[in-house]
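To start, the structure itself, in C-alpha cells.
The values are calculated or read from the model by the stated rules, or taken from the named source; none is laboratory data. All figures in this text were calculated on a predicted structure; none of them were measured in a lab. As a convention, Cβ positions derive from the backbone with ideal geometry for all residues, glycine included, and neighbour counts pool all protein chains shown.
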Amino acid sequence: MKPFSYARPADVAEAVRTVATEPGAVFLGGGTNLVDHLKLGVARPELVVDVRRLTSRAVVDLEDGGLRIGAAVTNAELAADRRVRERYPVLAQALLSGATGQLRNMATTGGNPLQRTRCVYFQDVTTACNKREPGSGCTAVGGSTRNHAILGTPGVLPDPTAAETCIATHPSDMAVALAALDALVHVQGPAGERLVPFPELHRLPDDDPSRDTVLEHGELITAIDLPPLAAGARSAYRKVRDRASYAFALVSVAAVVPGDGEIRLALGGVAHKPWRARRAEEILRGAPLTEHAVRGAMEAELTAAQPQPGVDGGNGFKIPLVQRTVVATVRDLALEA
Amino acid sequence: MDAEISLTVDGVPRRLTVDTRTTLLDALRERLGNPSPKKGCDHGQCGACTVLLDGDRALSCLALAVAHDGAEITTADGLAAGGELHPVQQAFIDRDAFQCGYCTPGQICSAVGLLDEVRRGWPSSATPDLGAAPDLSHAEVAERMSGNLCRCAAYVNIVPAVQQAGGAGGSGRGTGR
Ligand SMILES: Cc1cc2nc3c(=O)[nH]c(=O)nc-3n(C[C@H](O)[C@H](O)[C@H](O)COP(=O)(O)OP(=O)(O)OC[C@H]3O[C@@H](n4cnc5c(N)ncnc54)[C@H](O)[C@@H]3O)c2cc1C
Ligand code: FES
Ligand code: FES
C-alpha cells in the first residue's frame, strides 16, 4: 500500500477545505470500500481525511414529515430506525439486502452511495480501465460482462480502446431506494452548501467514466433528506442475486407508490447509476397497475437496452429479468393495498 | 507515516505507534500479539477478522487502526475473560460448530454481535415483518451470519449453536433446519 498521511479535522468546514486544496486527498467514512481500494492500489491518495466523526449520526424528523439522515449514521442503524421501517420500507429493505451485519455496522450514509463499481477490471490494477486509469481503455467489453450495464451504455459492442467506454454498474442497493424516494443530498463544498436531488447525484460515463457522480473534488455529503410520503404510500425493494445472501445485485428494483396516481421505479444493476425508469413511470401515470400494464411499460423502458456479449455468456439475461422483477415487485405492492 | 494511538483490547488499555496504513487486524495480530482475530481474505469478504468494535461486530481488516484511536475492542479471546467461557463459546463446543477452527473466533464475535442486535429488535432481510420483533429462526440466523464464511462448511452446526446461545433452544445437532 502506498504511504499516506491521515488527518482528522475538527469540523466539516476544515475537512472540506483540507480536501479541496489537496488534489491527492480523499474522505474516509466507514472505510469498507476505501480501505479495500487502498490495499488493491485502486485508490492511491496522499492524504486520508477522516470524516466519520464529523457529521451527524442522528436521524431527525423534519417539519414537513420527512426525515434527515446524518452522513455518519450507519447502514445498520438506519435500517433499524422505526420511522424508516414504517414509512420508508423500500429503504430499510434495500439496506438490509446489502452486504452483511458487520459491514452494515461500519458503512455510513455518506459513504454507501459513493462506493465504487465492483467491476472486476476496475478492481484489478493490471487491466485497462477508463474509470481507474482514464484513457487506458475498457477490458470489460467482450470480457466477463455478467455484472455489467444494459442501459446508458455507448452501444452493443463499444470500442474497448475508446477513452469514453465504460460498461460498469453502480453496486449500491441503498442508492436505488434513495433514487426512487427522490431523496435530497446535502453537499458541503468550499463555496458553501448545495442540495442535489438524489436521482441526479450519479452520472452516466459520457466522456469521463472516471467520474461516478456530479460531486466536485472536496465536496462532502453531510446529510440526506427523505421527503415525506402520504400515509397510504407503499414501497418495496426487491433484489435478485446469485446467492440468497451476501451478494451484489444482478438486478434490483425499488418501487414507490405514493398514492397520487404516480409510481416511481428505480432499477439497480443495470446502469452506471441507479436507473430511474422515467419512461415506464410516464406510461403508468394514472393507470391501474395491472401486470399487463407494468409489463408493457417496462418493455417500452427497455427498448433502448443493449445486452453485452461476454466470455461468461454476457448479460442479455438482465433484460427479461429486470422486467419480471419490476412486474413482481409492483404486483406484491398492489396486493398490500 | 506514523501515528500514536490508544486502544482498549479485551479490557486492557494499550498505547502503540502505528503506520497510518495499519489495519486494526494487523495492529491486533502483529503489534499487540493477539492472534484471535484471523486474516482470511483481508478484503472484507470472509468475516474471519470479526471483532466487537465499541460493542458492535465489525471487520477489523477494513478498519484503519488510526481511525479508531480510543476504541474499545473485544476479540473472541477476551470473551472468555477470567477463564469462563462465554455462552456463545460454550454453545459452539456443545454443538460441535467447527472443524478446523480457523473461522471460529470470527464466527463467535459475529454471533455475540448478532444476538445483541436481535435483542435490540434490529431486523434482517429474513425478518418477515419489518415492524415485528425478530426471532432466532433458522432463516434469521443463517441470514445474519452470512458474513462469516466457513471453509469447512460447519454451518449446519453453527446455526443451532447460535440459536442455543440466544436461548432459542436450537434444533438439534447436525440437522441445521
Ligand atoms: C464483501 C462486501 C460485500 C458488499 N455487499 C454489498 C451489497 O450487497 N450491497 C451494497 O449496496 N453494498 C455492498 N457492499 C459495499 C458497502 O455497502 C460499501 O462499501 C459501504 O456502504 C461504503 O460506505 P463507507 O462508509 O464504508 O464508505 P468508505 O469506504 O469510507 O468511502 C467510500 C467512498 O465515499 C467517499 N466518502 C465517504 N464518506 C463521504 C462523505 N460523507 N462525503 C463525500 N464522500 C464520502 C470516500 O472518499 C470513498 O470514495 C459490500 C462491501 C463488501 C466489502
Ligand atoms: S479477513 Fe476480514 S473479512 Fe476476511
Ligand atoms: S471450521 Fe474450518 S473454516 Fe470454519
Does the stretch A:92-124 hold any residues that are within 11 Å of chain B (Cβ to nearest Cβ), aliphatic (A, V, I, L, M) and either surrounded by fewer than 24 Cβ atoms within 10 Å (Cβ to Cβ) or within 30 Å of residue A:259 (Cα to Cα) (or both), and which are they?
A:92, A:94, A:95, A:96
Got a sec? Which of A:114, A:157, A:95 is in contact with a helix residue (DSSP H, G or I) (Cβ under 8 Å, 6 or more places away or on another chain) and either away from ligand 3 (no atom under 16 Å from the Cβ) or not assigned by TED's automatic domain parsing to the domain that holds residue A:306 (or both)?
A:95
Kindly indicate the residue of the stretch B:38-63 that is of a type in the set (S, T, N, Q) and surrounded by 18 or more Cβ atoms within 10 Å (Cβ to Cβ) and also farthest from the other protein chains (Cβ to nearest Cβ) among those meeting that condition.
B:60
Out of B:156, B:88, I need the residue that is farther than 24 Å from residue A:105 by Cα and not charged (D, E, K, R). Which one?
B:156
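Table: residues versus (1) within 14 Å of chain B (Cβ to nearest Cβ); (2) within 16 Å of residue A:216 (Cα to Cα).
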{"position": "A:16", "(1), (2)": "no, yes"}
{"position": "A:20", "(1), (2)": "no, yes"}
{"position": "A:36", "(1), (2)": "yes, no"}
{"position": "A:43", "(1), (2)": "yes, no"}
{"position": "A:50", "(1), (2)": "yes, no"}
{"position": "A:55", "(1), (2)": "no, no"}
{"position": "A:58", "(1), (2)": "no, no"}
Selected residue (only one of B:131, B:147, B:106 is at the interface with another protein chain (Cβ under 7 Å from one of its Cβ atoms) and within 16 Å of ligand 1 (Cβ to nearest atom)):
B:147
Taking the stretch A:235-257 only, how many residues are surrounded by fewer than 22 Cβ atoms within 10 Å (Cβ to Cβ) and touching a Lys or Arg at 6+ places or on another chain (Cβ under 8 Å)?
3
One residue from A:280, A:304 being among the small types (Gly, Ala, Ser), under 24 Å from residue A:173 (Cβ atoms) and buried (at least 21 other Cβ atoms within 10 Å of the Cβ)
A:280
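Here is a yes/no grid of residues against (1) touching a helix residue (DSSP H, G or I) at 6+ places or on another chain (Cβ under 6 Å); (2) in contact (Cβ under 8 Å) with a residue 40 or more places away in the chain; (3) on the phi > 0 side of the Ramachandran plot:
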site: B:4; (1), (2), (3): no, no, no
site: B:11; (1), (2), (3): no, yes, yes
site: B:14; (1), (2), (3): no, no, no
site: B:19; (1), (2), (3): no, no, no
site: B:23; (1), (2), (3): yes, yes, no
site: B:29; (1), (2), (3): no, no, no
site: B:41; (1), (2), (3): no, no, no
site: B:44; (1), (2), (3): yes, no, yes
site: B:56; (1), (2), (3): yes, yes, no
Expected single match for more than 30 Å from residue B:151 (Cα to Cα), surrounded by fewer than 22 Cβ atoms within 10 Å (Cβ to Cβ), β-branched (Val, Ile, Thr) and away from ligand 3 (no atom under 16 Å from the Cβ) among B:12, B:66, B:18 is B:12
From the option list B:97, B:111, B:81, single residue qualifying as more than 14 Å from chain A (Cβ to nearest Cβ), more than 16 Å from ligand 1 (Cβ to nearest atom), touching a Gly at 6+ places or on another chain (Cβ under 9 Å) and small (Gly, Ala, Ser) is B:81
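For the stretch A:51-98, which helices (runs of 4 or more DSSP H) that fit wholly inside it have 3 or more residues that are of a type in the set (Lys, Arg) and either within 21 Å of residue A:264 (Cβ to Cβ) or more than 10 Å from ligand 1 (Cβ to nearest atom) (or both)?
Answer list for the stretch A:51-98: A:82-87.
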Go through the stretch B:88-103 residue by residue and tally those that are more than 16 Å from ligand 2 (Cβ to nearest atom) and either polar (S, T, N, Q) or surrounded by fewer than 17 Cβ atoms within 10 Å (Cβ to Cβ) (or both).
6
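Here is a check on your reading of the model: is residue B:80 in contact with a His (Cβ under 9 Å, 6 or more places away or on another chain), modelled with pLDDT under 95 and of a type outside the set (Val, Ile, Thr)?
Yes; evaluated as a whole, the condition is true for this residue.
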Residues (more than 26 Å from residue B:155 (Cβ to Cβ), out of contact with any Asp or Glu (no Cβ under 6 Å at 6 or more places or on another chain) and assigned to a helix (DSSP H, G or I)) located in the stretch B:38-73
B:65, B:66, B:68
Only one of (1) closer than 15 Å to residue A:219 by Cα; (2) modelled with pLDDT of 95 or more fails for residue A:171. Which number is that?
(1)
When the stretch A:316-337 is examined, which residues are found to be at pLDDT 95 or above and in a loop (DSSP other than H, G, I, E, B)?
A:316, A:317
Residues of the stretch B:21-37 being crowded, with 20+ Cβ neighbours inside 10 Å, within 14 Å of chain A (Cβ to nearest Cβ) and either among the hydroxyl-bearing types (Ser, Thr, Tyr) or assigned to a loop (DSSP other than H, G, I, E, B) (or both), in sequence order, are B:22, B:23, B:37
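Let me confirm something: among A:151, A:178, which residue is among the hydrophobic types (A, V, I, L, M, F, W, C), touching a residue at least 24 places away in the same chain (Cβ under 8 Å) and out of contact with any His (no Cβ under 9 Å at 6 or more places or on another chain)?
A:178
For the stretch A:61-94, give me the residue count where each residue is of a type in the set (Gly, Ala, Ser), touching a strand residue (DSSP E or B) at 6+ places or on another chain (Cβ under 6 Å) and within 14 Å of residue A:181 (Cα to Cα).
Total meeting the criteria: 2.
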